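Please read the structure below before turning to the comments.
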Amino acid sequence: MTLPFTDLVRSLPESVPFVGPETHERQRGVPFKARIGANESVFGPSPKTVEAMCAAAEDAWKYCDAENYELKQALAKHHGVTAENIIIGEGIDGLLGLTVRLFVDPGDAVITSAGAYPTFNYHVDGHGGVLHKVPYKDDREDPEALLAAANEHRAKLIYISNPDNPMGTAHTAAVIQDMMERTPADTVLCLDEAYFEFADPAVSPPLDTSVSNVIRYRTFSKAYGMAGARIGYAIGAPEMIKAFDKVRNHFGVNKIAQAGALAALEDKAFLSEVQSSVRRARERIKEIAAENGLKVIPSETNFVAVDCGRDGDYARKVLSLLVERGIFVRMPGVAPMDRCIRVSAGTDEDLDAFAKELPRALKDAAASE
Ligand SMILES: *Cc1c(COP(=O)(O)O)cnc(C)c1O
């Protein structure tokens with residue numbers, strides 16, 4: 001029997017977007033010593049967030065408030081915008097999918113960078129959009145190339161992450177502001193700010209919700225330590241935000257995550273502790289790299305790209321030796337960025353384990369060259 005899949009689905013490759021640490025652990029039969037590969041916040045959610053989530057668990061028999069009313073109000077206050085400027089979703093990943101669904105018909109052009117955050121691409125493929133990828137320039141996404149491609153292909157969407165994943169680099173607010181202003185009126189600029197809370201404030205232009213063709217994504221997954229709770233949001237003009245109600249999964253944000261996010265937003269002291277822990281961890285990763293004769297790419301995020309100093313094949317070897325030795329890290333997928341491995345800000349213990357295993361992995365990788 002053949003199932004009646006759409007032509008589009010039949011045309012898609014079978015794909016496993018991310019091999020998760022759990023998969024590695026099942027294959028290896030032992031847990032990782034350090035889980036510093038997915039840019040999760042090892043510093044966890046704030047104790048107040050955990051408390052709020054535990055309390056909300058008792059109410060899990062109820063559906064969530066489909067309007068996300070309280071969280072929207074709190075976020076509006078937090079950002080100095082109105083609730084009409086905010087859409088809450090199942091993480092940035094969920095909201096990216098809905099954005100593509102709102103704007104991309106099969107055959108429509110979409111612009112991103114080769115090697116940029118891949119989840120966006122899966123959504124574009126899944127809706128039949130045509131991706132045009134421009135190269136990074138000096139380890140950063142290239143706004144000029146993205147804009148030129150958008151003009152050339154009359155693109156519906158441009159995707160850029162600032163700060164960027166997987167390199168951790170960022171453009172200044174002035175560069176991003178200029179990009180917003182030069183995005184064609186019939187193109188939507190999707191600005192992914194998943195790492196906003198870790199970055200120098202000077203890399204993020206002020207929120208301007210009067211601009212209708214820019215949407216900015218934020219998340220509770222990274223700085224707020226709630227990756228597994230699946231909750232994030234986007235900020236935009238009311239015209240943009242309202243449209244999500246046409247396509248979103250209205251009960252898709254779980255009640256426990258809603259309560260956790262509200263508490264997380266209030267616990268400013270915890271957030272600043274996490275921010276300083278991440279700054280310390282970035283410094284430590286830089287030191288560990290230096291002890292091994294390696295350089296890092298300066299980071300505005302909770303991870304650091306460590307330049308292994310040779311080509312992608314060598315870095316892939318280093319990475320798999322680290323994974324074998326119980327250190328979960330990931331790496332960029334596209335040259336020349338794939339000369340790096342990407343190490344998330346870990347606890348002291350995580351980074352001790354990394355410091356111990358990195359020289360061994362480098363030695364074995366070099367020996368097998
Ligand atoms: C981690 C990450 C996300 C995922 O955010 P969720 O809110 O957990 O879906 C989105 N974009 C970038 C660039 C990321 O690194």
*Where q = 0.24, 0.29 Å⁻¹, what log10 of I(q)/I(0) comes from the Debye formula for segment 36-98, counting one point per Cα?*
-1.22, -1.13
*I158 long-range amide H proximity, modeled H, under 5 Å*: I111, V188, L189, C190
*Using only C-alpha positions, report the orientation-averaged shadow area of the convex hull of segment 1-126, nm², one decimal.*
13.5 nm²
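If you count, for each residue, the other Cβ atoms within 10 Å and average over each peptide, how do 28-35, 104-111, 117-124 line up from highest to lowest?
On the way: 28-35: 15.4, 104-111: 18.0, 117-124: 19.5.
Put in order of decreasing packing, that is 117-124, 104-111, 28-35.
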*Hits among aspartates and glutamates - C-alpha to C-alpha of K33 under 14 Å, sequence gap 8 or more where chains match*: E22, E25, E324, D348, E349, D350, D352, E357
*How big is segment 217-325 by Rg and Dmax over its Cα atoms, in Å?*
19.2, 54
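What's the ranking of 321-333, 220-232 by average number of surrounding C-beta atoms within 10 Å, highest first?
On the way: 321-333: 20.6, 220-232: 23.0.
Put in order of decreasing packing, that is 220-232, 321-333.
Relative contact order, percent, of segment 92-172 when contacts are C-alpha pairs under 8 Å separated by at least 6 residues?
Numbers: 136 pairs, mean separation 27.1, N = 81.
It comes to 33 percent, rounded to a whole number.
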*3J(HN,Hα) from dihedral phi, segment 33-41, Karplus parametrisation 6.51/-1.76/1.60, rounded to Hz, x for glycine, proline*: 7, 9, 9, 10, x, 10, 6, 5, 8
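What does the convex hull of the alpha-carbon atoms of the chain project to on average, in nm²?
Values: hull surface 79.3 nm².
Taking the Cα atoms of the chain, their convex hull projects to 19.8 nm² on average.
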*Sorted by mean Cβ packing within 10 Å, highest first, what order do the peptides 259-271, 194-206 take?*
259-271, 194-206
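Quick one: pull the percentage of alpha-carbon pairs in segment 253-292 with a separation above 11 Å. Show your work: numbers first, answer last.
Values: 537 of 780 pairs.
Every Cα pair in segment 253-292 considered, those over 11 Å come to 69 percent.
Cα-Cα over 22 Å: which of K133/K317; K222/K317; K295/K356; K133/K286; K286/K356?
Correct reply: K133/K317; K222/K317; K133/K286.
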_Give me the dipole magnitude in Debye, nearest 20, for segment 223-300 about the Cα centre, with unit charges on the beta carbon: positive for Lys and Arg, negative for Asp and Glu._
180 debye
*asked:* If N is the number of residues in segment 324-369, what value comes out of its Cα radius of gyration divided by 2.2 N^0.38 Å?
replied: 1.24
_Taking amide H atoms as placed 1.01 Å from N in the peptide plane, list the residues 5 or more away in sequence, or in a different chain, whose amide H sits under 5 Å from that of K295._
D307
*Rounded Å value of the spacing that divides the Cα centres of segment 96-149 and segment 225-263*: 22 Å
*asked:* Explain nothing, just compute: Karplus ³J(HN,Hα) = 6.51 cos²θ - 1.76 cosθ + 1.60, θ = phi - 60°, for every residue of segment 218-232 in order, whole Hz, x for Gly and Pro.
replied: 10, 8, 8, 6, 9, 4, 8, x, 10, 3, x, 7, 6, 8, x
*Percent of C-alpha pairs per 5 Å bin, segment 149-285, short to long*: 2, 9, 16, 20, 20, 16, 10, 5, 2, 0
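No value in this document is a laboratory result; all are computed from the given coordinates. Nothing here was measured: the structure is a model prediction, and the numbers come from that model. No Cβ is skipped: glycine too gets one built from the backbone with ideal geometry, and neighbour counts run over all protein chains shown.
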